[in-house]
1. What's the extension gain from residue 217 to residue 173 if we count 0.36 nm per residue and subtract their Cα-Cα distance?
2. Using the Cα centre of region 128-246 as the reference point, and only Cβ charges (+1 on K/R, -1 on D/E), how large is the resulting charge dipole? Debye, rounded to the nearest 20.
3. Name the residues whose placed amide hydrogens come within less than 5 Å of the amide hydrogen of residue 61, ignoring near sequence neighbours (fewer than 5 apart) on the same chain.
4. For a Förster distance of 25 Å, can you work out the FRET efficiency between the beta-carbons of residue 16 and residue 45, rounded to the nearest 0.05?
5. Once R0 is set to 41 Å, what does the formula 1/(1 + (r/R0)^6) return for the Cβ-Cβ distance between residue 155 and residue 85, expressed as a FRET efficiency to the nearest 0.05?
6. What FRET efficiency, computed as 1/(1 + (r/R0)^6) with R0 = 45 Å and r the Cβ-Cβ distance, is obtained for residue 273 and residue 38, rounded to the nearest 0.05?
7. Find which of 272, 249, 298 sits farthest along the positive direction of the dipole of the chain, computed with +1 on the beta-carbon of Lys and Arg, -1 on that of Asp and Glu, about the Cα centre.
8. Would you mind counting up the charge near residue 121? Only other residues with Cβ under 12 Å from its Cβ, with Lys and Arg at +1 and Asp and Glu at -1.
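The values are calculated or read from the model by the stated rules, or taken from the named source; none is laboratory data. From a predicted model like this one, the values you see are computed outputs, not experimental measurements. Methodologically, a virtual Cβ is constructed for each residue, glycine included, from the backbone with ideal geometry; neighbour enumeration extends over all protein chains shown. Just the protein is used for accessible areas: all its heavy atoms, side chains included, with ligands, DNA and RNA removed. Shrake-Rupley method; radii C 1.70, N 1.55, O 1.52, S 1.80 Å.
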Amino acid sequence: MTNNNYLQELVEKRLKKQLKKFLNFHEKKIKEEKLDPETIHEFRVRIRKIRSILEEFVNEIRFDISIIESLRKVFRKAGRVRDYDVLIGHWIELRNEYHETKKKENENSKKYKEILDFLKDWEKHIEKKREKKFEEFNEYLNSDKFEDLLKEIEKLKENLSFKNFYLSDMKTNSIANLVLSKFFKLFSHSYFYVEHDDIYEIHHFRRQVKRTRYFLEFFKKFYKKSQYKDIIEKLKELQDTTGLLVDYYVLEKELEKFENQFIKQNDLILETQKIYGMIESKKDELLKKLYKLKKEFLELQEDYVSIIKNECNLENIKVKEIE
């Protein structure tokens, strides 16, 4: 390690900390099968933080590359459960909004009761799908493959070592350039400049925003000014907005599939169009917000580049602060 290479020390301490947190979380929550929606969400966050460090510094850290694929696998399995948890949450909000609309109309017709039955049946349908994915996830957590992954993570935590660590903080601009390289990659993304019209584009763009945000967060100890944190907050807002959009696209598709399979009456189909209308309204609102956020981000691009380039300083970081 070069003298005073805080970057390597930051990578080492941050990765060890995340590996330890993941193993402790497994012992306290996963092993005891306290797998409520919030626990599953937190489990995915723990995995994501480990993966982000390993993937970004894959050429510097010495480890078995198969760990990344194993982490991806369990992350996806947990994600399929999480997707239904989020879907159910949005659906409950939408359903309550629909009920309020009907109350204002003083609706007591047979058709209204039929639509209520449809809503209940759809909820049960989604809950069953969630249960199936949860069983698959839980089965994997009790498998030899997952046990092997835990052993690899423990081994990495105890024996973390580096190859030649070429990334250096000997000069402040080397850190700034590293951050800028990820930042410019986001601006080079083709979906930054189009009006999204399908879920794939939105999801793909969100992934790049998320990677950029995590990368900037990793280096925030080299920046003391609030402007740098403001950039991270803007990225988070972009990520959250695109995430909500994806959720409503998925909700709409799931509802369509169920409707096509189980609804036969024309009058009931007409009634469900009101629910689709509510979903479309939310999507339109989020799309407008997304276009506004992207426009603002592009307009502030030069300011953000200046902040990343000029506010980075080795004097901002102290060894005792590295965690």
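1. Details: separation 44, 0.36 × 44 = 15.84 nm, distance 1.75 nm.
In short, 14.1 nm is gained.
2. On the way: 25 positive and 20 negative charges, 122 e Å.
Value, rounded to 20: 580 debye.
3. 163
4. Values: r = 17 Å, r/R0 = 0.69.
Efficiency computed from Cβ-Cβ geometry: 0.90.
5. 0.80
6. Values: r = 34 Å, r/R0 = 0.76.
Once the sixth-power term is evaluated, E becomes 0.85.
7. Highest projection toward the positive end goes to 298.
8. Values: positive: 120, 124, 128; negative: 114, 117, 123, 127, 259.
In short, -2.
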